[in-house]
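Below: one structure, written as structure tokens.
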């Protein structure tokens, strides 16, 4: 199931990865195909071997005009960001601000149902990525699969740090905050979603798939 088919998927169950692709490669291929039926440009890209991995577009741009960087030759957009794992294990890669111990909720407010997630330090949010038990910052252990089943928060933190370090310029801080805000306002977890355009809903796993396209490989 591709993202453009997510108009009514309240369970938020993750799509099955395609055989023969790495997790990051699958995310890029899956995201590129979200534009099929919406954009002839993305349909062409999805049909060309190797082209899916070059997708570098803002949320709305990915659905309307494909590779945004090709429209700005004087100041090309970049998708050279690092993953949650990089920042979790490389303190030297962080910008001077925010610090790794700053609370997640100080930058990205959470809804009451995910209050425990908001109490975590940024570095601990990164450590919940793909793990059953996240860091606790003195607040006690929790199951990240319960609070953040698709690990959206860890990818949002990585995207935020990529923006601060200018490793990725395709996504602005305002756009990233809007994605998180709408995802939280609609419930977060398995139910929340972000609508990049009318009639299209990205649930947690879809948001992660998009954010991964802004990370370098």
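Of all residues in the stretch 151-173, how many are in contact with a strand residue (DSSP E or B) (Cβ under 7 Å, 6 or more places away or on another chain), crowded, with 23+ Cβ neighbours inside 10 Å and either modelled with pLDDT under 80 or part of a loop (DSSP other than H, G, I, E, B) (or both)?
1
Can you tell me which residues in the stretch 203-213 are touching a helix residue (DSSP H, G or I) at 6+ places or on another chain (Cβ under 6 Å) and in contact (Cβ under 8 Å) with a residue 60 or more places away in the chain?
Selection gives 204, 206, 208, 209, 210, 212, 213.
Any residue at all in the stretch 90-111 that is modelled with pLDDT under 90 and farther than 20 Å from residue 214 by Cβ?
No.
May I ask you to list the residues in the stretch 194-204 that are farther than 18 Å from residue 77 by Cβ and buried (at least 23 other Cβ atoms within 10 Å of the Cβ)?
194, 202, 203, 204
What number of residues within the stretch 91-109 are assigned to a loop (DSSP other than H, G, I, E, B) and surrounded by fewer than 20 Cβ atoms within 10 Å (Cβ to Cβ)?
The number of residues fulfilling the criteria is 10.
Identify, by number, the condition in (1) in contact (Cβ under 8 Å) with a residue 60 or more places away in the chain; (2) surrounded by fewer than 21 Cβ atoms within 10 Å (Cβ to Cβ); (3) over 19 Å from residue 154 (Cβ atoms) that residue 186 doesn't meet.
Residue 186 satisfies every listed condition except (1).
Looking at (1) farther than 17 Å from residue 207 by Cα; (2) modelled with pLDDT under 95; (3) buried (at least 17 other Cβ atoms within 10 Å of the Cβ), which is the only condition residue 148 fails?
Of everything listed in (1) farther than 17 Å from residue 207 by Cα; (2) modelled with pLDDT under 95; (3) buried (at least 17 other Cβ atoms within 10 Å of the Cβ), residue 148 misses just condition (1).
Could you pull out the residue among 115, 121, 88 that is surrounded by 13 or more Cβ atoms within 10 Å (Cβ to Cβ), within 25 Å of residue 186 (Cα to Cα) and touching a helix residue (DSSP H, G or I) at 6+ places or on another chain (Cβ under 9 Å)?
Within the list 115, 121, 88, the selection yields 121.
Please go through the stretch 146-171 and pick out each residue that is more than 16 Å from residue 92 (Cα to Cα) and free of Cβ contacts under 8 Å to residues at least 12 places away in the same chain.
Listed by number, the list holds a single entry, 146.
The values are calculated or read from the model by the stated rules, or taken from the named source; none is laboratory data. Please read these numbers as outputs of a predicted model, since none were measured by experiment. Neighbour counts are summed over all protein chains in view; Cβ atoms, including those assigned to glycine, are modelled from backbone coordinates with ideal geometry.
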